[in-house]
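The next block holds one structure in the form of C-alpha cells; read it before the comments.
Just so it is clear, none of the values below were taken in a lab; they were calculated from the coordinates. Quick caveat: nothing in here was measured; it's all calculated off a predicted structure. When we count neighbours, we look across all protein chains shown, and the Cβ atoms used for this are built from the backbone with ideal geometry, even at glycine.
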Amino acid sequence: MNKKTAPALEIVSVSKSFKEKRRTLPVLSDISLTVGQGEFVSIIGPSGSGKSTLLHVIGGLTRPDAGTVRMNGAEVTGQQGHISYMPQQPALFPWRTIEDNVLLAQEVHGPVSREAREDARRWLAKVGLAGFEKAHPHTLSGGMQQRAAFLRALLSPQELMCLDEPFSALDALTRSDMQRWLLDIWEENRRSVLFITHNIEEALLLSSRIYVFSSRPAAVLHAIDVPFPRPRREEVTEAPEFLQLKRQLSEWMREEQRKMQAAQQGGSRQ
Ligand SMILES: Nc1ncnc2c1ncn2[C@@H]1O[C@H](COP(=O)(O)OP(=O)(O)OP(=O)(O)O)[C@@H](O)[C@H]1O
Ligand SMILES: [Mg+2]
C-alpha cells in the first residue's frame, strides 16, 4: 500500500500485560483498530480498562507483547516521535512559560519562526489564555493547563493526533466551547485524530467512528459508524437517531462498568 491510500493508523492484534512481582495483569487483549486518513475516531471504555496504555503503545512509550502498530502503511511498533500526543496528565514543563510549552514540538524540529510564535499567541487567545503567554504552568488552574497542553498537541507537526481525555478537567461550559471549537478546526483541516473520552455525547458529536472497549483486559466490543453529515452543529445532539445511539452506548458502558465492579467485589483485582 502506498502512503496516500494506507490508513493513518492501523493497530493489528495488539496485546499487553504488565508483570508485577508474582502476578500478571492482562490489560490489552487482541486490539485491532484503524484510523483512516483524515478520520476522527474515538475510543470509549470503562476507567482502568487500558485506553491510556493503548496510546502509550501507539506512541512507542510501551512495547506490546504481541501485535503491530502501522502508520501510513509503515510499521512503527515501539518507535517514538510519530504522533502528536496529549497525555491524560497535561505534562507541561514547569520551567518553561506557557507559550514555550505550546511551541515545544515545533522547537524540536528546528528554530521557531516569528510567524509560529504569533500563531501560538493567537491560539492561546482563542482558548482563553491571553495574558498567560509568559506565565509558568504552576500559576495556572488545572483546566488552563489542560487547554495549553491541548494547544501543544494541536500545533505539533505530526499528522496523527492522539488525545487522551483532553477536556476532562474543564467545566461543562468551557468543555462545550472546546468541543465546538475542535469540531470547527477539525472540519477545516481534517487531521487524523484518535480521541479518548468518557463522555458519550462528546464522542458522538465529534467522531466518524467510535470503538467501545470492554473492561480490563480491554477488547474491542463494538465499532460503530456515526452517520451524521458534516459540518455538524450542536443541534445534531437533539436528533432522534443521536439520542438512540447515545442510549445504546450508555447501556453498553453501564454493562461493562457492572462487570468491572462485580470482578472487584469478587475479591480479584486482576
Ligand atoms: N506501567 C504500568 N505498570 C503496571 N500496571 C499498569 C501500568 N500502566 C497501567 N497499568 C494498569 O493497567 C490498567 C489500565 O490502565 P490505563 O491507564 O490504560 O486505563 P484507562 O482505560 O486509561 O483508565 P482511565 O479511564 O481511568 O484513564 C490499570 O489497571 C493500571 O493499573
Ligand atoms: Mg486513561
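Within the shell defined by Cβ-Cβ distances under 9 Å, the residues around Val57 carry a net charge of +2, with Lys and Arg each +1 and Asp and Glu each -1. When +1 charges are put on Lys and Arg Cβ atoms and -1 charges on Asp and Glu Cβ atoms, the dipole computed for the chain relative to its Cα centre reaches about 800 debye.
Applying a DSSP loop filter and a limit of 13 other Cβ atoms within 10 Å to the trypsin sites (Lys or Arg not before Pro) in the range 133-223 leaves Lys134, Arg190.
If both residues of a DSSP beta bridge must be in the chain, then about 55% of such bridges are antiparallel. Kirkwood analysis of the chain, using all unique Cα-Cα pairs, places the hydrodynamic radius at 19.5 Å. Taken about its Cα centre, the range 89-157 carries a charge dipole of about 140 debye when Lys and Arg each add +1 at the Cβ and Asp and Glu each add -1 at the Cβ.
Annotation note: chymotrypsin sites (Phe, Trp or Tyr not before Pro) in the range 11-115 located in DSSP loop regions with a Cβ neighbour count of at most 10 within 10 Å are Trp95. Taken over the chain, lysine pairs spaced eight or more positions apart, or on distinct chains, with alpha carbons under 24 Å apart number 9.
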